[in-house]
C-alpha cells in the first residue's frame, strides 16, 4: 500500500486554499433555484427601520432629534394625530417652511395637505403617463414615484420655489441641488435595473 502525504508548499497557500473551499461551500449553499415560495410569508416578522414614502419629509421638515420618532410611526399614526387635533407632520412642515421669508400660507397648507399623512399616493383612475412624485398635487397626475424622478429638485421647488403657488417669490439658489439623477433609464421589469447607456 502506498501512502501519499499532502504537504503544502507554504502555510499561506494552504490557508488560501481552505478559504477558497470555504467560500465555494458558503455561496453554493446560499444559491438555489427554489421558487416554491409564493405570496407573503405570514410566519415572518418585519421590523420597520425607516419611513421614506415621501422623500425628504423627515429629512427636511423634522429636526434630527425627531427622525427616530417619525421612523417608528406609520401613516395611520399621522391620521390619528391629525384627527385628535395634533400636528405632528403638518406642524413640522408649517414650522420649517414658515421659518423662511415670503413663504405663503397657500404653500404651507398645500404642503401639509399633500405630505400629511406621510404616504405615497397613487390615483390609478388617472393617466399613467403622468406618474411622478407629487404629480397628483401639481398637475392632477397619477402620483406615485418613478425611479427617475429628481425628488430633491421637485421638493425644493415646492418649498422654496413657486411650484405650489405662482404668487410666491422664488428663493434664489434653493430650488435645486444642482445634481442630475445618476440613473436615467431602467429595465421595464422588476427589479428595474439600470439600462446601460
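Full extension of the segment from residue 44 to residue 71, taken as 0.36 nm per residue of separation minus the current Cα-Cα distance, would add 7.7 nm.
Once a ≥ b ≥ c are taken as the square roots of the eigenvalues of the Cα gyration tensor of region 40-193, is the result rounded (a/c under 1.5), prolate (a/b larger than b/c) or oblate (a/b not larger than b/c)?
Oblate.
When 59, 50 are arranged by Cβ crowding within 10 Å, least crowded first, meaning fewest neighbours, the order is 50, 59.
At 0.692 mPa s and 37 °C, plugging the Kirkwood radius over alpha-carbon pairs of region 47-121 into Stokes-Einstein gives what diffusion coefficient in µm²/s? So the translational diffusion coefficient is about 262 µm²/s. Panel order for 107, 189, 175, by other beta carbons found within 10 Å of each beta carbon, from fewest to most: 189, 175, 107. The protection proxy used here, the mean number of other Cβ atoms lying within 10 Å of each residue, ranks peptides 70-81, 163-174 as follows, highest first: 70-81, 163-174. A full extension of the chain between residue 119 and residue 105 corresponds to an added length of 2.8 nm, given 0.36 nm per residue minus the alpha carbon distance. Given their separation in residues at 0.36 nm each and the Cα-Cα distance between them, residue 172 and residue 140 gain 8.8 nm when the chain is fully extended.
Ordered by the number of other Cβ atoms lying within 10 Å of each residue's own Cβ, fewest first, 46, 142, 192 fall into the sequence 46, 192, 142.
Read the figures in this text as sums done on the coordinates, not as results from a lab. This structure is a prediction, so every number in the text was calculated from the model and none was measured. Cβ: placed from backbone, ideal geometry, glycine included. Neighbour counts: every protein chain shown.
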